[in-house]
Structure formats: structure tokens, C-alpha cells
Amino acid sequence: MFIGAEEYAVVVPVVNKKYFLFEIRSNLLRIQPGEISFPGGKIEYGETLKSAAIRETVEEIGVRPNIISNLPPVYTPFNIIIHPFIGILENSNLNINKYEVEKTIEVPIEIFKSPKYTYDLKVKVIPPSSFPFHLIPNGRDYKWRSGTYKVMFFEYNDHIIWGMTALIAHEAYKKINEKGEK
């Protein structure tokens, strides 16, 4: 874990062994309104990663997932760590929390085999002018490392699934197919 990182847990809901269930986030939300995501949210004090993922799923779509697997954590350059789980939805009677979720969509798992587009975004360290350059070797000429951040895009009907959600869906597809959990 990174000191000071915000940690979130999400569930990749599997429906009828053929579909991932996604949320279209409500326009009432402050962060990422109208975007496609999986159920999930911030881990609260005292919760396990798994219990947070289950709680958030129940709060958002009203159904308790049966967790069958976890996926590797997603570390972002935005000081966020996401802990994804794969969960089976045995009950398809959703009770959507309209404040958080506009609607849900089911997308065939198979489309997450190969992204339509993949881009590597550059991540660069830019210290503020107040940085104590005099304390480090080479001062202002220090050779900071840069990195990349992979962004994937998938299309389904008129929906675009991209970013961290797309990466998690792609990893879930690979995990399901390697284990035969479909």
C-alpha cells in the first residue's frame, strides 16, 4: 500500500456466465457523472477489501454478489488503489440506488478479449517551484523518471467503456477464461 493513497474496492458482476454488469453513473454524482463503471467505492475504516466491495455493490444495485475471485490491484498515478473482485449475481432483481446509478447495462464478456484502442499516456514528475532542489543531486537538473499509464477502450453498442473500468474488465475476462469460471 502507498502511504496516503485512497483505496477503493469494486465488483465485476457476472450475469448468466455471459455478461458483465456495468453501471452508468448518475449525473448527480460529483466524480465521473455519466461514466460507465463497476459497482464499488471507498473502503471504510475497519472493512476488509472484500466486505467493502460487497457493501458498495449492495448499496448501489441492491444485490449481494457471490465473490468467486479477486484480481490484482490497480495502482494509478492519481494516488488511488483499486481492489477488484469478480462476483456472480445469482439474483437479477436489481434495486438501483438512483442517486448513484442512472441505469445498468449488461455487456458480453467476450468483447473484453481485445481492446478496440490502447494508449500509453506519459506520466511525468513536475516538481513545484518551491521544491528544495538544493537538497538533491544535480539540483534543478535532476533526471526525474517518467512512466506510462495504459488506457484501454472497448465499444459496445453506443457505449464506451474505457480507463480503469476497461482495464479491470479486460483482466476479469482473462481470469475467467484461464480458470474456466465462465
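The values are calculated or read from the model by the stated rules, or taken from the named source; none is laboratory data. Since we're looking at a predicted model, the values are computed, not measured. Glycine also receives a Cβ, built like all others from the backbone with ideal geometry; neighbour counts cover every protein chain displayed. Calculation scope for accessible area: heavy atoms of the full protein, side chains included, ligands and nucleic acids excluded. Shrake-Rupley method; radii C 1.70, N 1.55, O 1.52, S 1.80 Å.
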Among (1) 184; (2) 113; (3) 151, find the value of volume of the Cα convex hull per residue in Å³ that was calculated from the structure presented, and write down its label. (3)
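Given the pairs Lys18/Lys103; Lys103/Lys175; Lys17/Lys174, which span a C-alpha to C-alpha distance of over 24 angstrom in this model? Show your work: numbers first, answer last.
Values: Lys18/Lys103 19 Å; Lys103/Lys175 26 Å; Lys17/Lys174 14 Å.
Those over the limit are Lys103/Lys175.
Given an 8 Å cut-off on Cα distances and at least 6 residues of separation, report the relative contact order of the chain as a percent. Mind showing how you got there, number by number?
On the way: 350 pairs, mean separation 43.1, N = 182.
Relative contact order comes out at 24 percent.
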Using 7 Å Cα-to-Cβ label points, what is the Asn95/Ser51 separation (nm, one decimal)? 2.1 nm
Determine the share of the chain's accessible area contributed by carbon and sulfur atoms, expressed in whole percent, with a 1.4 angstrom probe. 52 percent
I need the trypsin sites (Lys or Arg not before Pro) found in segment 1-82, filtered to DSSP loop residues with at most 14 other beta carbons within 10 Å of theirs. Lys17, Lys18, Arg30
Identify the chymotrypsin sites (Phe, Trp or Tyr not before Pro) of segment 87-144 meeting these criteria: DSSP loop state and at most 16 other C-beta atoms within 10 Å of the C-beta. Tyr99, Tyr142, Trp144
Once both label points are put 7 Å beyond Cα along the C-beta direction, the Glu155-Lys116 separation in nm becomes 0.4 nm
So which lysines pass the test for Lys143, namely a Cα distance under 22 Å, with those fewer than 8 places away in the same chain ruled out? Lys122, Lys124
Probe 1.4 Å, accessible area per residue of segment 1-108, Å²: 53 Å²
Against the longest principal axis of the chain, how steep is helix 49-61, in degrees 0 to 90 to the nearest 10, with axes from Cα atoms? 60 degrees
What nm distance separates the two modelled labels at Thr76 and Lys124, each placed 7 Å from Cα along Cα→Cβ? 2.2 nm
Solvent accessible area, Å² - Asp141, 1.4 Å probe, full protein context: 110 Å²
Between Ile24 and Asn177, what's the calculated FRET efficiency when r is the beta-carbon distance and R0 is 45 Å? Round to 0.05. 0.95
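Please list, by residue number, every one of the chymotrypsin sites (Phe, Trp or Tyr not before Pro) in segment 10-98 that is coil in DSSP and has at most 12 other beta-carbon atoms within 10 Å.
Working: sites: Tyr19, Phe20, Phe22, Tyr45, Tyr75, Phe78, Phe85; in loops: Tyr45, Phe78.
Counting only loop positions with at most 12 other Cβ atoms within 10 Å, the chymotrypsin sites (Phe, Trp or Tyr not before Pro) in segment 10-98 are Tyr45, Phe78.
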Assuming R0 = 45 Å, can you tell me the calculated FRET efficiency for the pair Ile88 and Thr148, based on Cβ-Cβ distance, to the nearest 0.05? 0.85
Taking only Cα atoms, what is the 0 to 90° angle, nearest 10, from helix 163-179's long axis to the longest principal axis of the chain? 60 degrees
Hey, what's segment 132-174 come to in accessible area per residue, 1.4 Å probe, Å²? 65 Å²
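Could you tell me the convex hull volume per residue, in Å³, taken over the Cα atoms of segment 1-107? The partial results should precede the final answer.
Values: hull volume 11.3 nm³, N = 107.
It is 105 Å³ per residue.
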